[in-house]
1. Report the local net charge at residue 96: Lys and Arg +1, Asp and Glu -1, summed over other residues whose C-beta lies under 13 Å from its C-beta.
2. Under 13 Å from the Cβ of residue 133, count the other residues' Cβ atoms, weight Lys and Arg +1, Asp and Glu -1, and hand me the total.
3. Over the stretch 44-87, with a single point scatterer placed on each C-alpha, what log10 of the ratio I(q)/I(0) does the Debye formula yield at q = 0.19 1/Å?
4. Looking at the stretch 26-121, which chymotrypsin sites (Phe, Trp or Tyr not before Pro) are DSSP coil and have at most 11 other C-beta atoms within 10 Å of their C-beta?
5. Over 25 Å apart: what share of the alpha carbon pairs of the chain falls there, rounded to a whole percent?
6. For the pair residue 129 and residue 188, how long in nm is the line joining their label points, each one 7 Å along Cα→Cβ?
7. Using only alpha carbons, build the gyration tensor for the stretch 118-277 and give me the equivalent ellipsoid semi-axes, biggest first, whole Å.
8. Rolling a 1.4 Å sphere over the protein heavy atoms, what is the accessible area per residue of the stretch 113-209, to the nearest Å²?
Amino acid sequence: MTAALRLERISKTFPVGKPLIGAPRALVRAVRPVTLEVETGETLGVVGESGCGKSTLARMLVGLEPPSTGAIEIEGQQFDNADPAAFGRMIQYVFQDPISSLNPRKTVRQIIETPLRRLYGMNRADRAARISEIFDSVNLREEFLDRYPHEFSGGQAQRIGIARALAAAPRILVLDEPVSALDVSVQAQVLNLLARLKAEFGLTYLFISHDLAVVEAVSDRVAVMYFGAVVEIGSAKRIFNAPRHPYTRLLADSAPVVGRPLRAPEGKDTELPDPLNPPTGCAFAARCPRASDLCRRVEPELKPMEEDQLAACHHPLDP
């Protein structure tokens, strides 16, 4: 079966300190070459600390950032920025901050009409019918259509953002921290809505978050990112119950849990390496209690562990 989404060594490099004339003073690799496949109907969770490259990866997938290297395939067809309309009909983005992602000068109707006009050229009657269908799917009243984004709560605004993404009738949704800005009670409502929409429309999700509990609840598989690279990937059950990479274990141990005291992370350093001066070997070595000279000299590659679990570690944890 053809994968819904396939990434082949996709990476992103940003210039730093670029003068008006001449080459930039330095280059920062926000995303190191990543190869991934997401099966049709699957939810792939992507987790990692702030600055690990999650959102940059997401922005490349929907064409907001061009990749520096690599290729993106959707259902076996390679896409690039030459045809953004074709991109938009296949994959859409749901942003982290629901209020700031909606144009404050436009009504909700105008916001949701935009993909219908730009991607499909629908006439007014067809747009009205499609918007009515979408609003019913996300449990919003049609009277909201002529209001402005600032008139809504965070949960309502996020459902409007989801409706805008669904308007394009995509096959894949990239969900970038879709509930992190919402109250806990509203988070549950939005997550339940996303689960129902996935089943109703046959969607595939790429779910990006730093909240491990949310990712564990919604994901079939999980990819763990550190310093721009995927360091572990596997089924959600194995990633959370039997991690093989020490960084995955650190994430799980650092997550707040009701009734359990917070644990201080092991190792000397608790920050990501300097992107302007990246270390040789494993980027996690300075924080890893299992690091050896080999780790500091040679960058580990993703290799099979158990079943479909892979980890990039010279000294993986015991299962």
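The values are calculated or read from the model by the stated rules, or taken from the named source; none is laboratory data. Computed from a predicted structure; not experimentally measured. Here the Cβ positions follow ideal geometry from the backbone for every residue, glycine too, while neighbour counts run over all protein chains shown. Ligands, DNA and RNA are stripped out before the accessible areas are found, and what is left, the full protein with its side chains, is counted by its heavy atoms. Shrake-Rupley method; radii C 1.70, N 1.55, O 1.52, S 1.80 Å.
1. Values: positive: 54, 59; negative: 97, 176, 177, 211.
Its environment carries a net charge of -2.
2. Numbers: positive: 127, 130; negative: 126, 136, 142, 200.
Summing Lys/Arg as +1 and Asp/Glu as -1 gives -2.
3. -0.64
4. Answer by residue number: there is no such site.
5. Numbers: 27137 of 50721 pairs.
Roughly 54 percent, rounded to a whole number.
6. Distance between the two pseudo-spin positions: 3.9 nm.
7. Numbers: eigenvalues 267, 60, 48 Å².
Taking √(5λ) for each Cα gyration eigenvalue gives 37, 17, 15 Å.
8. Details: 4250 Å² over 97 residues.
Using a 1.4 Å probe on heavy atoms only, each residue of the stretch 113-209 averages 44 Å².
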